[in-house]
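Colleague: This is the structure I want to talk about, given as structure tokens.
The values are calculated or read from the model by the stated rules, or taken from the named source; none is laboratory data. Predicted model only: the values in this text are computed from it and were never measured. All Cβ positions, glycine included, derive from the backbone under ideal geometry; neighbour counts span all protein chains shown.
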Amino acid sequence: MKEAMAFQGLDEQIEDVRLLSRRGFLSKMTAAAAATGLMPNLVQAKQSAKPIAGKATAPDNDSFWNHVADQFLIRPGVSYMNTGTRGPSPRIVYQAQIDSIQQANTDRLSYASYVYNAEFKDAVRAKLSDFVGCKSSEIALTNNTTEGMVVGTFGPDLKPGDEIIYANHDHSSGGQPINLRCARQGTIPVMVDLSSAKFHPPKDPSVIIDAYEQAITRRTKMISLCHVNYTDGCVLPIREICDLARSRGILTLVDGAHPPGMMDLDISSLGCDMYAGACHKWMLAGQLTGFFYVRESMLDRIWPSNYSGPVKGMNLYGKPHSEPYLGRSRTAQKYEMHGSTNYSLGITINAALDFHNQIGREAIESRDRYLMERVRSGLQNIPGVTIFSSEDPRLCAGLISFRIEGVKPKLLSETLWQRHRIYIRHVTHDEINWDANRASMHIMVTTRQADDLVAAVEEVAKEHSV
Ligand SMILES: Cc1ncc(COP(=O)(O)O)c(C=O)c1O
């Protein structure tokens, strides 16, 4: 309650966005590119939706990235550094959502027939699968990461006594479905203990791989693991752990709440069986958007849970189900066959993908890493600050996790907000001796704001030094 009050007032001064359009974004981006002498690339991006190329998007090109940051509705004076919890949408995404709500309410029949129809959803799935690196038949649109983690945890047939591995730095969205399945069906939860200091940061990826390997027994049937930890921001060696699992006939389910939109993701190269992702965090789509991936060869083995589609090819009356649902139920679309959806949310996924694709996935990942590195190297010079994020690029990306000795992380978050309107968060789990601050470095953050964060932390650290 106290914390909610400390952050109140964020929405008070949102400007009138009704006048801002996609063209507005493009002309601003054009101006930014013109300033860098790279107009032709931008014009091409506008026409063909290819990413802006070359030096324009270099991670330290502030004139370009300031224009990107300008696309957000975030109140002037606020430094928003909690994309890991929720990514605010840029204007064109927000405006697309508003337009969609308006159109669906003024003429729903035409809207559903001509705009938000099956072809549109197929196109969104195709664009999304291209963005995250899989086939469109392998991806379902979901409400959030948690939904995918639940379907993935309950999806495979398991027997009582079969073991499911997870870790104590997982999010409850990954861990609690496992505990629920185990409580209900007699499968056994096996928790990897990542609480030791040797994991924050790990010396190299093998430290983590070994921890997972040691938890495997001949009864292990599934490993559920985070791609990026929400606690310390560590990027786990997913490929290696999935290869290890596959070599022992063990299924893998990856919690991908953070990488989509933060990293240049290629799910098929990770070698996992299932991957649950968010679109409403680093991808910047509307709130309540996500996806669930199942590897094509695994689709028959992963049952849907929340479901009203064809069952063994039959309809409610025991007769062969009609097309197109029958065919669609053989793809990952079976995981989204559960009643009405909110049209405007699918529209925001499409708009957010356009926004990202125009800038380019690689460019965005480089920018996030650049900001994270800048903050990390600033913080490491401050006496009393401990950094939990790795320097090894294989083990880090856009999240920076740290703590000031003698300062409760909750107090630091509140102080930064009250004094400087810098919004970071703290993650506290006494059970695993974890209490740290976490800042998300994404494209709404300017270089100046990243530097301001370092200065503000230094100010608090000095006040508490003995
Ligand atoms: C690692 C991780 N997994 C899952 C979640 C839950 O995500 P969602 O709200 O998309 O269900 C979060 C949320 O912050 C998270 O950090």
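Colleague: Can you tell me which residue in region 162-179 is surrounded by the fewest Cβ atoms within 10 Å (Cβ to Cβ), limited to those that are polar (S, T, N, Q) and near the ligand (Cβ under 10 Å from one of its atoms)?
Modeller: The residue in question is SER172.
Colleague: Among the residues of region 193-214, is there at least one that is within 14 Å of the ligand (Cβ to nearest atom) and among the hydroxyl-bearing types (Ser, Thr, Tyr)?
Modeller: no
Colleague: Scan region 216-233 and tell me whether some residue there is in a loop (DSSP other than H, G, I, E, B), in contact with a Phe, Trp or Tyr (Cβ under 7 Å, 6 or more places away or on another chain) and away from the ligand (no atom under 16 Å from the Cβ). Give the derivation first.
Modeller: Initial filter on region 216-233 (in a loop (DSSP other than H, G, I, E, B)): 216-219, 227, 229-233.
Subset that is in contact with a Phe, Trp or Tyr (Cβ under 7 Å, 6 or more places away or on another chain): 231-232.
From what is left, the residues that are away from the ligand (no atom under 16 Å from the Cβ) are none.
Checked against the condition, which is being in a loop (DSSP other than H, G, I, E, B), in contact with a Phe, Trp or Tyr (Cβ under 7 Å, 6 or more places away or on another chain) and away from the ligand (no atom under 16 Å from the Cβ), region 216-233 yields no hits at all.
Colleague: Scan MET283, MET314 and give me the residue that is within 11 Å of the ligand (Cβ to nearest atom), among the aliphatic types (A, V, I, L, M) and over 13 Å from ALA332 (Cβ atoms).
Modeller: Sole residue among the options that is within 11 Å of the ligand (Cβ to nearest atom), among the aliphatic types (A, V, I, L, M) and over 13 Å from ALA332 (Cβ atoms): MET283.
Colleague: Starting from region 292-312, take each residue that is in contact (Cβ under 8 Å) with a residue 60 or more places away in the chain and in the same structural domain as SER269 (by TED's automatic domain parsing) and list its partners that are of a type in the set (Phe, Trp, Tyr) and not in a loop (DSSP other than H, G, I, E, B), counting only C-beta distances under 7 angstrom and pairs at least six apart or across chains.
Modeller: PHE292/TYR335; TYR293/TYR275; PRO304/TYR335; SER305/PHE154
Colleague: If the Cβ limit is 8 Å and pairs must be 6+ apart or interchain, which residue in region 321-338 that is without any contact (Cβ under 8 Å) to a residue 60 or more places away in the chain pairs with which residue that is assigned to a helix (DSSP H, G or I)?
Modeller: Hits for this filter: ARG328/LYS334; ARG330/LEU299; MET337/TYR325; MET337/ARG328.
Colleague: How many residues does region 301-317 hold that are part of a loop (DSSP other than H, G, I, E, B) and hydrophobic (A, V, I, L, M, F, W, C)? Spell out how you get there, then give the answer.
Modeller: Initially, region 301-317 is screened for residues part of a loop (DSSP other than H, G, I, E, B), giving 302-310, 312-313, 315-317.
Okay, now just the ones that are also hydrophobic (A, V, I, L, M, F, W, C), so 302-303, 316.
Number satisfying all stated conditions: 3.
Colleague: Follow-up question, since we're still on this one. Hey, SER344 hits all of (1) closer than 26 Å to ARG108 by Cβ; (2) assigned to a loop (DSSP other than H, G, I, E, B); (3) of a type outside the set (Val, Ile, Thr) but one; which does it fall short on?
Modeller: (2)
Each row is one residue, and each column tells you yes or no for (1) basic (Lys, Arg); (2) surrounded by 24 or more Cβ atoms within 10 Å (Cβ to Cβ).
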residue	(1), (2)
ARG181	yes, no
ARG184	yes, no
VAL190	no, no
SER196	no, no
ASP204	no, no
ASP210	no, no
ILE223	no, yes
GLY233	no, yes
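Colleague: Considering only region 73-90, state which residues are more than 16 Å from the ligand (Cβ to nearest atom) and surrounded by fewer than 21 Cβ atoms within 10 Å (Cβ to Cβ).
Modeller: Keep residues of region 73-90 that are more than 16 Å from the ligand (Cβ to nearest atom), which gives 73-79, 90.
Within region 73-90, LEU73, ILE74, ARG75, PRO76, GLY77, VAL78 qualify.
Colleague: Find all pairs meeting these conditions: Cβ atoms under 6 angstrom apart; at least six residues apart or on different chains; first residue within region 249-272 and away from the ligand (no atom under 16 Å from the Cβ); second residue part of a loop (DSSP other than H, G, I, E, B) and of a type in the set (Asp, Glu).
Modeller: Final answer for the pair search is LEU251/ASP273.
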